[in-house]
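Enquirer: Sharing a structure, written as structure tokens. Questions coming.
The values are calculated or read from the model by the stated rules, or taken from the named source; none is laboratory data. Worth saying up front: this structure is predicted, and the values here are computed from it rather than measured. Here the Cβ is made from the backbone with ideal geometry for all residues, glycine too, and neighbour counts use every protein chain on show.
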């Protein structure tokens, strides 16, 4: 609308100018006519006549003229637009089509591949659609409309607060708030496109369809990704439905086992499912110990977040990621403006903290996996933002040789990835002995109970509002946190949330897997605290992109504004490392697919489950398939057919081909076994985990 | 602005080149100034200028015409945008306020009302959509359908029908030998509730019912849309898509996840027959059936709530198969024969539609079942005495109905011979049977059509027929339900060969005959027994009070080549006998006559009969049609029409009550407005197990 107004204003000016010029021109013409002969005089009369004629309509609708010209211009533009549109539609479809590469589906069909094993797709966090089944009056007319994903997000702009309210869950129970029912969109439409044109599963589905897949042997296991995994079963029977679907597909497709393709958080959801289905009824699905062996051929994890994602830390801690922190620093005025009542981040944080599922993505395995104050498995990783395309392969292969040499003189720049959160750049670099050590037992809630702000701020939004200034300072004084102390930190700053979520998730490493406590469902989604099921013929694939800098640890600072309802911490994006350092904008980067670091995606397949280990007693075969990221060469390619980034990898032709080959019966060895570009094996070796 | 434009010709009087740029924008003024040199050059030929000037005045209207057009469009656009903006800025509840201001407070939708009463979701609900209303999407297609992968071909906006009609027809057709997919094309039903909630944008089918159920707590885990490919024969949905297995598995899942509560099944239209088929299939042993065991239905199903069920078929299907027309199309065809049948533009719309719909086995499930026993013979019909002219004088009608059994000569002259479903000519339709000379067509030679070669790309089996065959059909004069099936066998042998492998239209003499174990009998309520489930309830919910097609008057089509040789004689009208535009109509819901929707529940299954050995209770719930009071109501909350009844508040309330646990008695038992019980009495069908049935005509 604003643009229309502006347009109209322009026209007004323009035509005003014209009005004067008209007068001038007519005068000029009159002059010219005077100079001419009689026949011209007659013409002059004629012109005058015209002038008269012109003047008559001129007088009354003088104010109208601008509007009229506006109308005229708009009408003109519209007609042209429609004409063009019409021509566009008349064009034969084939003429306009960019000659695109035939997808792997077409090629493999020519090779003679056909649909064999039914395929189950398990979407990850955020990508699944959610729709409204019951809502407050503000959401009138949105019944069974998408609140999240799929269609456009227009509703978010129209009534943002209403949407936030409906997408939030109950803070205490992690289930529906009173009077609101938001449910996952079932079926393939649930996650094929996240937004119009932004595919998630659509490319894979289309290629699978080429070799004969359709509704009866392709299933999307949509679930409400906001809930904790066990709660999806309690509220929606999502796990039971998945079990029944898999059994049905197994039977109705001639007793062919199912190939599961989970993505991102779907990976740990499916891990949870595998344990759940074999556990006896009250807590589990009662499928019996042979269920997985009988029904599942392979689990092809895409971008698996097995051991968690550091991004989740910053999200929970301060509702920001790499990109958001920039926005926050530049547009602080806009997003935090209290006058407009926006407080975007605070609201988003308030919503996100009601979602249990984000807690499932916190780094698992503590310091053993993610490194402590002074060491980390990725040690020696060299980032190179400046020369992006420059022979990365040689760098990575030489990495180990280099790192030893470099350690001598590059110590000051080596990232201490183990310190997932540091306050201030020095804290992230200095050796641990030089850091002021403060006991993490400082975190006792007693100090926080009295908050003077509380009265002035009214309703508390996030648990930060219940903390005193002093305890906020205390947190920052502690300087650096590893994954283990990080959990303590989160428990401190968001006690209720962690209490709620830790009833559903665990982030440790099991000492003794036979301990009966590990029968509880909260351990099922942690690969370091469960055994894989007894299914020696099953295969597990870890397929992920590499070659993109991925957030690994953060440098924080105290947020300057101290008013109430604000988030007291933010990423210090003024901190940059020197060239070749992995520190940029307050974030340390490691290799990965932009969301999941290689370590998290690959470790279980590379070491934790490789061969017969205590986590994998039946010796299920594991394969690592890495895909090197190559940005799209031209705009025509869209999001690229060789992309390695977390979501775009779903359009990676090599990955799709692998999935299709396995779905049509190939084994891991037949598609080429491991395919490794990163130094995941080296990293895994540095991790000292009893297997 | 417009005056400015008018001015321009004077300004650039001389340079005619600029005329081409007439419609160009205001920048021309600047150009005009710059083009003064050009003007100067052109001054060499002043005579031309004069001429041009002389011509100018008549040209001016042309200028302003373009301008006014643009201006007009601009105005419209701006108003449109303004309105759109206002509409978007308007609170969502605004239309409701307006409606309430005009018509007074609206009644609460049944969901809200019943929630206030304290009803809660109890039994899981399964919807079974009918023919045509389910969405179909493309999974694999030919080149012409590129870019339509997983887009809806049927349902939704139907945008592709207009863009590439031939391609669309090709993809919607099935293989005419097998009744399955043609090579290289896979069109599959859309799954989930979206499959049939809306047929086209704004045209609800199940959406209102779903919304109301959601009010009392239903959601995805307690509702299931049993979407199936409605083009296939019922057994083929299992063969190709395992649809029946999926339904079975989903019902079992629903029962298991809802604490063992049985499901309430709500089939609509053809879904009624489909579900009948399902109930037999699921209990039949494994190779042909689902192997659920003999008590599957009683374990899993609480009630089957049939909405507008064509248990005994629909006469409309005959017209559809015989000449691809129904009441509405027939009128269009008569009014605009040049347009629809235009050979020059290669439209041949009807032929294409006919070719397509003839490949759909499912249409044959709707052919009237039960033959003359149910639908009446040459001289009698169960609805005898129904008179549409005197619809409101109900006393009269009951009297006539009483007399109907004894063939009252006076009455007969006035009442229509509904039994003659197809008659050639109005006189034939009205004449007493003794006056009609009929020549049996069954043995007639079809002959070979000379047109065969020229009409190659349009396939209907009429092109295999010569003139002799067509004549033979017309010579037989009139067809009852029995001979209709023979007629269809005669005119479309291939199609019927496919159809009779999947459907049967008779009445069983002895249900113990092992041949009735074959699946082709499962969807015919007159040739199967209901499952052994004494606790189950069967409802028949349908609208009444709308004229519904029952019998047709046909004539030979004038142009014989490349077209359908028969068409409905739309000139035949008769006020007394409900004959309008060549169609005899009776009471019903506009598609299904009352007889077909109600007979099984009124008589065929009532009590313990041989079709219902375990005595499943049946209930009839009729809803009298009331057209919407005003435009704001849309399709009305009291409608009784075949599809619109899904938005009927009374029906929705009944369905919700059943789903929330009420039994048929609690609802109020039967609710009958039509004369279905009288008509059922007229039908002489053996219902006791022992004595074999004797055919009545």
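Enquirer: For the stretch B:230-243, which residues satisfy the criterion of being surrounded by fewer than 23 Cβ atoms within 10 Å (Cβ to Cβ) and within 10 Å of chain A (Cβ to nearest Cβ)?
Expert: Once the filter is applied, which keeps residues that are surrounded by fewer than 23 Cβ atoms within 10 Å (Cβ to Cβ) and within 10 Å of chain A (Cβ to nearest Cβ), the stretch B:230-243 yields B:240, B:241, B:242.
Enquirer: At pLDDT below 75 and farther than 22 Å from residue A:371 by Cβ, is that true of residue A:474?
Expert: no
Enquirer: Could you check residue B:652 against (1) at pLDDT 85 or above; (2) over 24 Å from residue B:298 (Cβ atoms); (3) crowded, with 24+ Cβ neighbours inside 10 Å and say which number it fails?
Expert: All conditions pass for residue B:652, except number (3).
This table checks each residue for (1) crowded, with 23+ Cβ neighbours inside 10 Å; (2) modelled with pLDDT under 90; (3) in contact with a strand residue (DSSP E or B) (Cβ under 6 Å, 6 or more places away or on another chain).
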{"site": "A:194", "(1), (2), (3)": "no, yes, no"}
{"site": "A:200", "(1), (2), (3)": "yes, yes, yes"}
{"site": "A:213", "(1), (2), (3)": "yes, no, no"}
{"site": "A:221", "(1), (2), (3)": "yes, no, yes"}
{"site": "A:233", "(1), (2), (3)": "yes, no, no"}
{"site": "A:238", "(1), (2), (3)": "yes, no, no"}
{"site": "A:251", "(1), (2), (3)": "no, no, no"}
{"site": "A:255", "(1), (2), (3)": "no, no, no"}
{"site": "A:262", "(1), (2), (3)": "yes, no, yes"}
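One line per residue, one yes/no per condition, for (1) in the same structural domain as residue A:228 (by the TED database); (2) closer than 30 Å to residue A:622 by Cα; (3) buried (at least 19 other Cβ atoms within 10 Å of the Cβ):
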| position | (1), (2), (3) |
| --- | --- |
| A:491 | no, no, no |
| A:538 | yes, yes, yes |
| A:567 | no, no, yes |
| A:574 | no, no, no |
| A:582 | no, no, yes |
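Enquirer: With the checklist (1) within 11 Å of chain A (Cβ to nearest Cβ); (2) touching a helix residue (DSSP H, G or I) at 6+ places or on another chain (Cβ under 8 Å); (3) at negative phi in hand, flag the one item residue B:192 doesn't pass.
Expert: Just one mismatch for residue B:192, condition (3).
Enquirer: Over 29 Å from residue A:353 (Cβ atoms), assigned to a helix (DSSP H, G or I) and away from chain B (no Cβ under 11 Å) - does that describe any residue in the stretch A:148-162?
Expert: Looking for residues that are over 29 Å from residue A:353 (Cβ atoms), assigned to a helix (DSSP H, G or I) and away from chain B (no Cβ under 11 Å), one finds none in the stretch A:148-162, hence no.
Enquirer: Is it the case that residue B:543 is part of a helix (DSSP H, G or I) and crowded, with 24+ Cβ neighbours inside 10 Å?
Expert: no
Enquirer: While we're looking at this one, here's another question. Answer yes if at least one residue in the stretch A:168-177 is within 20 Å of the chain's Cα centre (by Cα) and at pLDDT below 85, and no otherwise.
Expert: Within the stretch A:168-177 (the criterion being within 20 Å of the chain's Cα centre (by Cα) and at pLDDT below 85), the answer is no, since none of the residues qualifies.
Enquirer: Please name all residue pairs, on different chains or six or more residues apart, with Cβ atoms under 7 Å, provided the first residue is in the stretch B:122-149 and is within 11 Å of another protein chain (Cβ to nearest Cβ) and modelled with pLDDT under 85 and the second residue is surrounded by fewer than 23 Cβ atoms within 10 Å (Cβ to Cβ) and in a helix (DSSP H, G or I).
Expert: The qualifying pairs are B:144/B:167; B:145/B:167; B:146/A:93; B:147/A:93; B:148/B:160.
Enquirer: While we're here: Confirm whether residue A:240 is in contact with a helix residue (DSSP H, G or I) (Cβ under 8 Å, 6 or more places away or on another chain), closer than 24 Å to residue A:271 by Cα and within 11 Å of chain B (Cβ to nearest Cβ).
Expert: Yes.
Enquirer: Determine if the stretch B:624-646 includes at least one residue that is in contact with a strand residue (DSSP E or B) (Cβ under 7 Å, 6 or more places away or on another chain), free of Cβ contacts under 8 Å to residues at least 40 places away in the same chain and closer than 21 Å to residue B:587 by Cβ.
Expert: No, the stretch B:624-646 has no match at all.
Enquirer: Return the only residue of A:204, A:227 being in a helix (DSSP H, G or I), crowded, with 22+ Cβ neighbours inside 10 Å, within 22 Å of the chain's Cα centre (by Cα) and away from chain B (no Cβ under 11 Å).
Expert: When all the criteria are applied, what remains is A:204.
Enquirer: When you go through B:154, B:206 one by one, which is the residue that is within 18 Å of the chain's Cα centre (by Cα) and farther than 19 Å from residue A:132 by Cβ?
Expert: After applying the criteria, what remains is B:154.
Enquirer: Condition first: assigned to a strand (DSSP E or B) and away from every other protein chain (no Cβ under 12 Å). Now tell me which residues in the stretch A:167-198 satisfy that.
Expert: A:194, A:195, A:198
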